[in-house]
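Beneath this line is the structure, given in structure tokens, with notes to follow.
The values are calculated or read from the model by the stated rules, or taken from the named source; none is laboratory data. None of the values given here were measured: they were computed from a predicted structure. Using ideal geometry, Cβ is built from the backbone for each residue, glycine included, and neighbour counts are taken over all protein chains shown.
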Amino acid sequence: MQASNRRTFLKTAAGASVLAAPAIAGSSQSANDRIRVGIVGLRGRGKSHIAAIHELAGENVELAAMCDCDESNLNSALAAYEKRSGKRPLAYTDMRKLLDDDSIDAVSHATPNHWHTLGVIWTCQSGKHAYTEKPGTHNVHEGRKLIETARKYDRICQHGTQNRSSPNIVEGIAKLKEGVIGDVYMARGITYKLRGSLGLHSPRPIPDGLDWDMWCGPAPVKEYSNFHHQRWHWIWDFGNGDLGNQGVHELDIIRWGMEIDDHPTKIQSMGGKYTHEDDAETPMVQNASFQWQGRNILVEFAVRNWYTNSEAGFRDQYPFVQENFPVGVIFLGTEGFMILPDYSSYYTFLGPNREPGPFAAEQGHPISDLPHFQNWVKSLRSGNPDDLTAEIAHAHYSSTLCHLANIAYRVGRTIQFDPRAEQFPGDDEANGLLSRTPRPPYAVPEET
């Protein structure tokens, strides 16, 4: 569909959504009415979305459609789901055609980072509600457009930082705000995952069934190489390094725990690769720090993608799920400290002797997307975005921390940020990294 025709359709669809939304919000129908969900992006996190939505069948939620611009991914996911459920969802290779389907109520997006914002914007414009993987944005500019669109079309949009729906993490953050470790003056997030070498650029023919132009979408069209699958995380045009991949979870917890609802004003970030040579563009080792004007707090984040020691007992005493890597958050306070070493546990240590305090942990430290999708469905039925634990504004503020740290790394110096204007005053080099050059028809629209 051409851009001008699509805008006409979307305006019509937005008006029609007044009729469609009550079936979800419950203003004219029972809260038990079926919610039909489509999923875009069927590898990696997409498989987790499929599993979570399938588990919601008992809550009258149907996985009604699947979409992937790679036909091999699409066919594999369809066959696996049909075997699992006895049902075969509708199939699409172009998300725009899925969004044109009036039978779909909501869409979850598990695409690469560079597609998250545009996918959600198109979803909102089509009158549907959205769930998007983290980070919700690929760059700072996209975040404001994401919020503007969700507000304009009054859509329910959930960000995939599922820690906010984990009961034990919710309890831990509540304890933190109650003062269990006193006044929190500092937080430190870490992700020490063994990633290995990205490898060297290796051009090859585009596989049959892959729409490479669509896969690149809002990003420049690159020569097809060996970064098509998870490796894109370490290419700037598509990903945001491990700070934006894993670190956005921990930075989101830090914002939540320290009640940070605005952007930092001073950002530093240093790093590099150090251990091996490959074609990764993002740093494999990175240390970032953030300060907020008028607040006496410090936030730090560290990335290590090679062999490392433990930290605060992470990995050695408190394993991160089934992976033998230290990942988590440390809150430091005037009366002790709190650690959150995984997606379902917190521990406190009080006083100069670090005496164990309140804690909650689950055996095996499971990762489950189900509570977060249940929260999304709850909000879909109520029609109230305030019911969301990770409403789309959090996507902007948590993702922007990652983007700002990466900008500081790329320009190689401390940067000063104006949180209201969302600009770097007098810094053309840094401002040039706040957005990307639009690539029609996949450009994030300035007017939604």
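What are the pairs with Cβ atoms under 8 angstrom where one residue, in region 323-345, is assigned by TED's automatic domain parsing to the domain that holds Y192 and surrounded by fewer than 23 Cβ atoms within 10 Å (Cβ to Cβ) and the other, located anywhere, is β-branched (V, I, T) and assigned to a strand (DSSP E or B)? Sequence gap at least six, or different chains.
F325/T191; I330/I190; I330/I339; L332/V184; G333/V184; G336/T348; F337/I330; F337/T348
Inside region 200-317, counting only strands (runs of 3 or more DSSP E) that do not spill past its ends, which hold 1 or more residues that are out of contact with any helix residue (DSSP H, G or I) (no Cβ under 8 Å at 6 or more places or on another chain) and closer than 29 Å to V170 by Cβ?
Answer list for region 200-317: 285-291, 298-304.
Scan K97, K128 and give me the residue that is in contact with an Asp or Glu (Cβ under 8 Å, 6 or more places away or on another chain) and of a type outside the set (V, I, T).
Just one listed residue meets the conditions, K128.
Within region 287-311, can you find the residues that are surrounded by 20 or more Cβ atoms within 10 Å (Cβ to Cβ) and touching a Gly at 6+ places or on another chain (Cβ under 9 Å)?
Selection gives A288, V299, F301, A302, V303, N305.
Counting only residues that are surrounded by fewer than 16 Cβ atoms within 10 Å (Cβ to Cβ) and either of a type outside the set (G, A, S) or touching a His at 6+ places or on another chain (Cβ under 8 Å) (or both), how many does region 432-444 have?
The qualifying residues number 6.
Here's the yes/no breakdown for (1) more than 30 Å from L298 (Cβ to Cβ); (2) in contact with a His (Cβ under 9 Å, 6 or more places away or on another chain); (3) in contact (Cβ under 8 Å) with a residue 60 or more places away in the chain; (4) surrounded by 14 or more Cβ atoms within 10 Å (Cβ to Cβ):
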| residue | (1), (2), (3), (4) |
| --- | --- |
| W215 | yes, yes, yes, yes |
| H229 | yes, no, yes, no |
| D237 | yes, yes, yes, yes |
| Q246 | no, no, yes, yes |
| W256 | no, yes, yes, yes |
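So H141 clears everything in (1) out of contact with any Gly (no Cβ under 9 Å at 6 or more places or on another chain); (2) farther than 20 Å from Y442 by Cβ except one condition, right? Which one?
Going through (1) out of contact with any Gly (no Cβ under 9 Å at 6 or more places or on another chain); (2) farther than 20 Å from Y442 by Cβ one by one, H141 breaks only (2).
Residues in region 259-282 that are crowded, with 16+ Cβ neighbours inside 10 Å and of a type in the set (S, T, Y): how many?
Residues in region 259-282 being crowded, with 16+ Cβ neighbours inside 10 Å and of a type in the set (S, T, Y): 3 in total.
Pairs only if they're at least six apart or on different chains, beta carbon under 8 angstrom, first in region 301-319 and assigned by TED's automatic domain parsing to the domain that holds R188 and at negative phi, second among the acidic types (D, E) and not in a loop (DSSP other than H, G, I, E, B); list them, first residue then second.
F301/E250; V303/D242; N305/D242
Report whether or not G426 is modelled with pLDDT of 95 or more, of a type outside the set (D, E, K, R), assigned to a loop (DSSP other than H, G, I, E, B) and at positive phi.
Taking the combined requirement at face value, the residue satisfies it.
When you go through (1) of a type in the set (D, E); (2) touching a strand residue (DSSP E or B) at 6+ places or on another chain (Cβ under 8 Å); (3) farther than 30 Å from L146 by Cβ one by one for D316, which number turns out not to apply?
The single condition D316 does not satisfy is (2).
Applying the selection to region 45-54, what residues are in contact with an Asp or Glu (Cβ under 9 Å, 6 or more places away or on another chain) and either aliphatic (A, V, I, L, M) or surrounded by fewer than 16 Cβ atoms within 10 Å (Cβ to Cβ) (or both)?
The answer is A51, A52, I53.
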